[in-house]
Amino acid sequence: MITLLGASGFVGSAVLRELRDHPVRLRAVSRGGAPAVPAGAAEVEELRADLLEPGHAAAAIEGADVIVHLVAHAAGGSTWRSATSDPEAERVNVGLMHDLVAALHDHRRSAPPVLIYASTAQAANPSAASRYAQQKTEAERILRKATDEGLVRGVILRLPAIYGQSGPSGPMGRGVVAAMIRRAIAGEPLTMWHDGSVRRDLLHVEDVATAFAAALEHQDALAGGTWALGADRSEPLGDIFRAVSGSVARHTGGPAVDVVSVPAPEHAEANDFRSDDIDSTEFRARTGWHPRVSLADGIDRTVAALIPAEEH
């Protein structure tokens, strides 16, 4: 039994689609209902629950052999920025992990379940990163302590910036790639808060889904560890934005919009100006996983999904 927490979210929808072909029992937990996926080998049970309500987290993971924690808080369209401005972010990012561990403590088992947690690459340097990274680091600490106490076998996957669409009609990423594609479709210039040399390691959501499937398959080799996920190729944002501009122009037949530098706004954070440096060699060696979606193909597919139907 695999309990998938956050099954209707951006990453959760992609993981749900990936796991449908595995011969498992799958409990898809979400507040508003999990997206419909084509039938596969998995036996899927849908559970609607607000995991922040008392007792709901415990009920969601009851009897689970594996818990996949993908619940995210995104106010105003941003997951990591909302941690600074929205008090509820800490309740989601930290409090829910407390609730899960408390439930596992109250129903301690001789064979503890595996808990695979979606953390962030920013957690590698929490003191210099965002409030979001600090909250995710605290959740990691709670999970490690529970692992040391034998309540659970924790697997921490630190995710980079993720983009793309979760399936043909699933949720779209809220990050910089989708934002810039929308600007380009509207004919607006793509703005950078620097000279464009800041690098990002971008991973398509479908590759994230296959990484979680690989973690499930190799859970014994990963339990107790913290593992970085990434494409292992960081690209300058200036090049990424120009690729977006060119892709939108090819799809629409219009001129490519300009990519320009502008002064940073007051709400910019240190992470906006820090380049990614992610090495997923250890995770790849343990699982055999590797990304399959190239950045160029991923951008093209995201552009095609975002262009209004009448423009296709």
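For the reader, a short list of remarks on this structure follows.
- Taking 0.36 nm per residue of separation and subtracting the Cα-Cα distance, full extension of the segment from Leu52 to Thr191 would add 46.3 nm.
- Gyration tensor (alpha-carbon) shape descriptor, the range 116-202, a/c threshold 1.5: oblate
- Considering only Leu47, Ile278, Ser234, and ranking their Cα positions along the charge dipole of the chain that arises from unit charges at the beta-carbon of Lys, Arg, Asp and Glu, the one farthest toward the positive end is Leu47.
- Cα-centred dipole magnitude for the chain, charges only on beta-carbon of K, R (+1) and D, E (-1), debye, nearest 20: 180 debye
- The distance between label points at Ala111 and Asp65 comes to 0.7 nm (points 7 Å beyond Cα on the Cα→Cβ vector).
- GNM flexibility winner over the chain from His267, His56, His218 (Cα, springs under 10 Å): His267
- Inter-label distance, nm, simple model (7 Å from Cα along the C-beta direction), Ala102/Ala256: 5.5 nm
- Among Ala231, Ala59, Ala123, residue whose mean-square fluctuation peaks in a GNM of the chain (springs only between Cα atoms under 10 Å): Ala59
- Across the range 104-255, counting alpha-carbon atoms alone, Rg and Dmax equal 19.0, 63 Å.
- For the pair Ala264 and Arg31, label points projected 7 Å from Cα toward Cβ lie 3.1 nm apart.
- GNM remark for the chain: springs join alpha carbons under 10 Å apart, and the peak mean-square fluctuation among Asp106, Asp279, Asp300 falls on Asp106.
- Per residue value of the accessible surface for the chain (all protein chains in place, 1.4 Å probe), Å²: 44 Å²
- Translational diffusion of the chain, µm² s⁻¹ [Kirkwood Rh, Cα pairs; Stokes-Einstein; 20 °C; 1.002 mPa s]: 107 µm²/s
The values are calculated or read from the model by the stated rules, or taken from the named source; none is laboratory data. From a predicted model like this one, the values you see are computed outputs, not experimental measurements. Every residue, glycine as well, gets a Cβ built from its backbone with ideal geometry; the counts of neighbours run over all protein chains shown. Note: areas computed on protein heavy atoms with side chains; ligands, DNA, RNA excluded. Shrake-Rupley method; radii C 1.70, N 1.55, O 1.52, S 1.80 Å.
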